[in-house]
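Notes follow the structure.
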Amino acid sequence: MSWKFVIQQGVIMATIREVPSKVRRFERIGAHTHIKGLGLDENLNAIKVKDGMVGQEKAREAAGLVIQMIKEGKLSGKTVILAGPPGTGKTAIAVAVSRELGANVPFIQMSGSEVYSSERKKTEVLLGAIRKCIGVEIHEMRKVYEGELITIDIKTAPHPYNPYQKVPESIRLSLKTEKEEKTIEAGASIAQQIMQENISEGNVIQIDAETGRVVNLGLSLESAKGKTYDVDTRKKIPRPTGEVMKEKEFVYTLALSDMDEINARRRFGGGIFSMFMGGSETKEIDTEVRTAVDESVKNLVDEGKAFIHPGVLFIDDSHLLDLEAFSFLGRAIESELVPIIILATNRGVTTIRGTDVKSPMGFPLDLIDRSVIIATHEYDPESIREILSIRSGEEKVELQKKALEKLTEVGAKSSLRYSVQLLSLSAQNARTMKHKKVSAKDVERVTKLFMDIGEAAEHLRKYEEKMMKH
Ligand SMILES: Nc1ncnc2c1ncn2[C@@H]1O[C@H](COP(=O)(O)OP(=O)(O)OP(=O)(O)O)[C@@H](O)[C@H]1O
Ligand SMILES: [Mg+2]
C-alpha cells in the first residue's frame with residue numbers, strides 16, 4: 001500500500017474522521033435492541049435498572065471492569081468466558097459491552113457453529129473474524145481542494161457504446177474560501193461523482209488531489225441557498241477558511257481484514273483475468289498477504305502514523321467449537337495483533353467437541369486457565385417482570401397487567417428467553433384478534449400453541465415410547 005505521509009508536526013489541521021462501513025457491527029440483535037449499555041455508575045457499580053439492563057449486577061460489574069481493561073490495553077492475550085444457564089443474559093451482556101466500547105472499537109459477533117463451513121477451513125473462518133476485530137487507525141496528510149462551489153460547468157459527450165446517451169466528459173468548477181477563489185478543471189470521474197451526488201452551487205466540497213475522490217461536506221452557510229432554505233435538512237457548515245488547495249490530516253480506521261483484502265486484490269491484479277475469473281471476492285487470503293499487512297501496520301505504528309484498536313470477538317454458543325478450533329484460538333491469543341475474545345456458553349461439564357474428554361463448559365483446560373470467567377445467574381420473578389416490561393416498551397406492545405403477570409410466571413417457570421419470545425407472539429395474537437392491549441387471554445393462547453423446550457422434549461419422548469412399541 002502506498003500511503004503517502006507528510007510529517008505533521010507543528011501543523012494544526014482539521015481532522016476528518018471517517019467511520020468505514022466495512023467495520024461492521026453485528027446485526028443479529030433483534031431480541032437485544034433494548035440494551036443500551038451495562039448500566040453502571042461512574043464507580044462501575046451496577047444500578048439495578050439502567051440502560052435497559054435489569055439485575056445480574058455482578059456480571060455487569062465484572063464486564064465493566066473488563067471494558068476498562070480493554071480500553072487501557074491491559075487485557076490482551078486473555079479470553080473472557082461468560083458462563084450461565086440459558087436465557088440469563090449472556091448475549092445481552094456481550095451486546096452491552098459492544099455498546100460501551102464505542103464506535104472506534106470493532107466488535108464482531110459470531111456463533112460457534114459458524115466455523116463449520118463447506119467452503120472455508122475452520123481456522124480460516126476464525127482468523128478472518130479475528131482480523132475483522134482489529135482496527136487500525138491511520139493518520140495521513142493529504143492534499144485536497146476544498147471550498148464552496150461557486151460555478152460549475154459540466155461538458156458531456158456521447159456514450160462510447162451508446163451514442164444516444166450522454167456521459168460527462170470533463171468539468172470546470174470554481175471553489176471559494178474566505179481567502180480566495182480558484183477555478184479547476186477535471187476529468188470525467190470527478191464530473192461523474194458530482195452528478196451522482198447531486199452536488200450543486202452552494203455546497204462545500206472537498207476533492208482529493210491525488211485520487212479525485214469528491215466529498216460533499218454540506219451546504220455553505222454563506223451561500224444563497226444556505227441563507228434561504230431554513231427547512232433544508234442538509235447539514236450546513238461555514239465557508240472554509242484558508243487556501244483552496246491545502247493539506248489536511250485524514251484519520252480513518254480500517255480493520256486488518258480490510259487491509260488483507262485490499263492487498264490480496266492488488267496482488268492478484270485487478271486486470272481482465274481476475275474479472276473473468278471472478279477474482280476479487282477472495283475466499284481465502286494467503287498467509288503471505290497477511291504477513292505483509294502485519295509488517296506494514298507494525299511499521300506505521302512504529303512511525304507514529306497508525307494506532308491499533310484491538311476490538312472484541314464475541315463467540316456465542318462457543319461449546320459448539322471443537323478441539324481444533326480451540327487450539328487455534330489458544331495459539332491466536334498468544335500473537336501480537338489479537339482482539340479480546342469473549343466466549344459464551346450455557347453448558348456445564350460436557351465433552352469437548354471432537355474428543356471424548358469431559359471438561360467444564362466443554363472448553364480445554366489450558367484455555368480456561370488463561371481466561372477470566374463471568375457467571376450469570378437465573379432471574380427472580382421481579383427482574384423477569386421488569387425485563388418483560390422493558391421489552392414490551394421496546395416492541396411498542398401494550399400489556400395488560402394480568403398479561404404481564406402471566407408472562408412473568410412463564411419466564412420464572414421455563415426461561416426468560418422463552419417468555420420474551422412469547423411476548424412477541426402474544427402481541428401478534430392481539431393484533432390478529434384486533435385488540436390493542438395484550439391480554440392474559442392472548443398469552444394463554446400462545447402458551448397453548450407453542451412449547452417451551454421442556455415440553456417439547458417431553459412431547460417427543462412420549463412419541464419415542466410409542467414408536468418402540470410398534
Ligand atoms: N439483565 C438483563 N436485562 C435486560 N434484559 C435482559 C437481561 N438478561 C437477559 N435479557 C434479555 O432476555 C432475553 C434472553 O437473554 P439472552 O439471550 O441474553 O440469554 P443467554 O444467556 O444468551 O441465553 P442462551 O444461553 O440461551 O444463549 C434477551 O432478549 C435479552 O436481551
Ligand atoms: Mg445467548
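Worth pointing out:
- The stretch 342-353 - residue that is part of a strand (DSSP E or B) and within 16 Å of ligand 2 (Cβ to nearest atom) and, of those, farthest from residue 135 (Cα to Cα): 345
- Among the residues of the stretch 34-90, those that are away from ligand 1 (no atom under 11 Å from the Cβ) and among the polar types (S, T, N, Q) comprise 43, 45, 68, 76, 79.
- The residue list 194, 190, 171 contains one member that is assigned to a strand (DSSP E or B), of a type outside the set (Asp, Glu) and either more than 11 Å from residue 146 (Cα to Cα) or out of contact with any helix residue (DSSP H, G or I) (no Cβ under 7 Å at 6 or more places or on another chain) (or both), which is 171.
- Which listed residue, of 143, 132, 121, is charged (D, E, K, R), touching a helix residue (DSSP H, G or I) at 6+ places or on another chain (Cβ under 6 Å) and in contact (Cβ under 8 Å) with a residue 60 or more places away in the chain: 132
- Lone qualifier among 97, 125 - being more than 12 Å from ligand 2 (Cβ to nearest atom) and closer than 16 Å to residue 374 by Cβ: 97
- Taken together, 441, 434 contain a single residue that is away from ligand 1 (no atom under 16 Å from the Cβ) and in a loop (DSSP other than H, G, I, E, B), which is 434.
- Sole residue being surrounded by 23 or more Cβ atoms within 10 Å (Cβ to Cβ), farther than 27 Å from residue 306 by Cα and touching a strand residue (DSSP E or B) at 6+ places or on another chain (Cβ under 7 Å), chosen from 81, 93: 93
- Flag for residue 449 being within 16 Å of ligand 1 (Cβ to nearest atom), free of Cβ contacts under 8 Å to residues at least 60 places away in the same chain and aliphatic (A, V, I, L, M): no
- Answer from 386, 409, 336 - the residue that is of a type in the set (D, E, K, R), assigned to a helix (DSSP H, G or I) and away from ligand 1 (no atom under 12 Å from the Cβ): 409
- Look at (1) assigned to a strand (DSSP E or B); (2) of a type outside the set (D, E, K, R); (3) within 20 Å of residue 237 (Cα to Cα) and you find that residue 183 fails only one, number (3).
- Checking 334, 394 one by one, the residue that is touching a His at 6+ places or on another chain (Cβ under 9 Å), modelled with pLDDT under 90 and not hydroxyl-bearing (Ser, Thr, Tyr) is 394 and no other.
- Test: residue in the stretch 360-383 that is without any contact (Cβ under 8 Å) to a residue 24 or more places away in the chain and among the hydroxyl-bearing types (Ser, Thr, Tyr): no
The values are calculated or read from the model by the stated rules, or taken from the named source; none is laboratory data. Note that this is a predicted model, so its numbers are computed, not measured. Ideal geometry is used to build each Cβ from the backbone, glycine not excepted, and the neighbour counts take in all protein chains shown.
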